[in-house]
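*Asks:* I am attaching a structure below and will ask some questions about it afterwards.
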Amino acid sequence: MNKKIIFFDIDGTLLDHEKKVPATTKESIRELKEAGHIVAIATGRAPYHFEELREELGIHSYVCLNGQYVVHEGKPIYGNPLAQDALQQLTEQAVELDHPIIYAGSEAMKMNVTEHVHIDSSWGELKLAIPEYDPEYYLGRDIYQAIVFCTEDEEAAYVNRFEGRFDFVRWGPYGIDVLPSGGSKAEGIKQLIQLLHIDLEDTIAFGDYLNDLEMLAYVGHGVAMGNAPEIVKQAARHITRDVGQDGIKYGLRMLGLLGKEPQEIV
């Protein structure tokens, strides 16, 4: 079997509904590495939000901030920051509409308000620390992703104004990721596999949500978790079980990467 590279999303994929890594997932990743395959992470999270997870699983190559920042074995190889002029305009519009913003760089994440109920509720579900207050953090610094907090109806004002400059990917009732136009996990994966000279057919990705759509459609074998919404499953080549039902192990066995293929295909 050719050496494969397998990318895993974090929330809802590597981490179960309790934000823990199932024992079968840890075991599966260890077996993949022992078989000579490359294991990487592809996430919307910033690098400082999954350091412990990388150490726990022994994974040091990753596509993060939804593809805008890529690291191979601990060394950055690609960055795609937001355009400063457009980010300034986005900030001015958000302030005018009373929508808080978080700015994510490669080393830290800051927000332009001291507190906000939408940030508290959204960040609480991710079990992440609330970013510190620094409304000028984006000035003169590479920002790879912004997060605007607004309702789905309010989102249209941003989409219409910044068409061709930014892409917007919703991840919760109030949170939307702001990415450079055309930026995605798929583009980050492309940068890494080109560096490693790995054929697209030898790439595999597991994901469960809207920011995984491009990734699952791009790789040779996209695998949607059983807990993914229907639109994500439709973008994937394969569908595995729920993350809480050993979905990673099942999916890898389904692809023939871990022992015998399971008899039933979800």
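The values are calculated or read from the model by the stated rules, or taken from the named source; none is laboratory data. Every value quoted in this text rests on a predicted model; they were computed, and no experiment measured them. Note: ideal-geometry Cβ built from the backbone for every residue, glycine included; neighbour counts use all protein chains shown. Side chains included, ligands, DNA and RNA excluded: accessible areas come from the protein's heavy atoms. Shrake-Rupley method; radii C 1.70, N 1.55, O 1.52, S 1.80 Å.
*Asks:* Of all the residues that make up the stretch 134-151, how many are open to solvent by 30 Å² or more (accessible area, probe 1.4 Å) and either touching a Phe, Trp or Tyr at 6+ places or on another chain (Cβ under 9 Å) or at pLDDT 95 or above (or both)?
*Replies:* Of the residues in that region, 7 qualify.
*Asks:* Among the residues of the stretch 189-196, are any without any contact (Cβ under 8 Å) to a residue 12 or more places away in the chain, assigned to a helix (DSSP H, G or I), surrounded by fewer than 22 Cβ atoms within 10 Å (Cβ to Cβ) and of a type outside the set (S, T, Y)? First the steps, then the outcome.
*Replies:* First pass over the stretch 189-196, keeping only residues without any contact (Cβ under 8 Å) to a residue 12 or more places away in the chain: 194.
Adding the requirement that they be assigned to a helix (DSSP H, G or I) leaves 194.
Next, only the ones that are surrounded by fewer than 22 Cβ atoms within 10 Å (Cβ to Cβ) stay: 194.
Pick out the ones that are also of a type outside the set (S, T, Y) and you get 194.
Yes, the conditions are met somewhere in the stretch 189-196.
Residues are listed down the side, and each one gets a yes or a no for (1) open to solvent by 70 Å² or more (accessible area, probe 1.4 Å); (2) at pLDDT 95 or above; (3) within 30 Å of G164 (Cβ to Cβ):
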| residue | (1), (2), (3) |
| --- | --- |
| L15 | no, yes, no |
| H49 | no, no, yes |
| G58 | no, yes, no |
| C64 | no, yes, yes |
| P76 | yes, yes, yes |
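*Asks:* Note down all Cβ pairs under 7 Å where the first residue falls in the stretch 202-229 and is without any contact (Cβ under 8 Å) to a residue 60 or more places away in the chain and more than 23 Å from L179 (Cα to Cα), the second is open to solvent by less than 10 Å² (accessible area, probe 1.4 Å) and among the polar types (S, T, N, Q), and they're at least six residues apart or on different chains.
*Replies:* Correct list of pairs: G220/T203; V223/T240; G226/T240.
*Asks:* To continue, here is another question. If I go through the stretch 77-92 residue by residue, how many of them are closer than 21 Å to P131 by Cα and in contact with a strand residue (DSSP E or B) (Cβ under 9 Å, 6 or more places away or on another chain)?
*Replies:* The qualifying residues number 5.
*Asks:* Which one of the conditions (1) under 12 Å from the mean Cα position of the chain (by Cα); (2) modelled with pLDDT of 95 or more does N211 fail to meet, given that it meets all the rest?
*Replies:* Of the numbered conditions (1) under 12 Å from the mean Cα position of the chain (by Cα); (2) modelled with pLDDT of 95 or more, the odd one out for N211 is (2).
*Asks:* Can you go through V70, V21, V63 and tell me which one is of a type in the set (A, V, I, L, M, F, W, C) and without any contact (Cβ under 8 Å) to a residue 40 or more places away in the chain?
*Replies:* V21
*Asks:* Out of the residues in the stretch 205-240 meeting the condition of being assigned to a helix (DSSP H, G or I) and of a type in the set (A, V, I, L, M), tell me which one is most open to solvent (accessible area, probe 1.4 Å). Give the derivation first.
*Replies:* Quick first cut of the stretch 205-240, residues assigned to a helix (DSSP H, G or I) only: 210-218, 230-235.
Narrowing further to those that are of a type in the set (A, V, I, L, M): 210, 213, 215-217, 231-232, 235.
On the way: L210: 56, L213: 44, M215: 0, L216: 4, A217: 71, I231: 89, V232: 0, A235: 30 Å².
Among them, the one singled out is I231.
*Asks:* Now for a separate question. Do any residues in the stretch 101-114 that are touching a residue at least 40 places away in the same chain (Cβ under 8 Å) have Cβ atoms under 6 Å from those of residues that are among the polar types (S, T, N, Q) and part of a loop (DSSP other than H, G, I, E, B), where the two are at least six apart or on different chains, and which pairs are they?
*Replies:* Correct list of pairs: I101/N112.
*Asks:* Step by step: first the residues of the stretch 120-133, then only those that are free of Cβ contacts under 8 Å to residues at least 40 places away in the same chain and open to solvent by less than 90 Å² (accessible area, probe 1.4 Å), then the one that is nearest to F168 (Cα to Cα). Which residue is that?
*Replies:* W123
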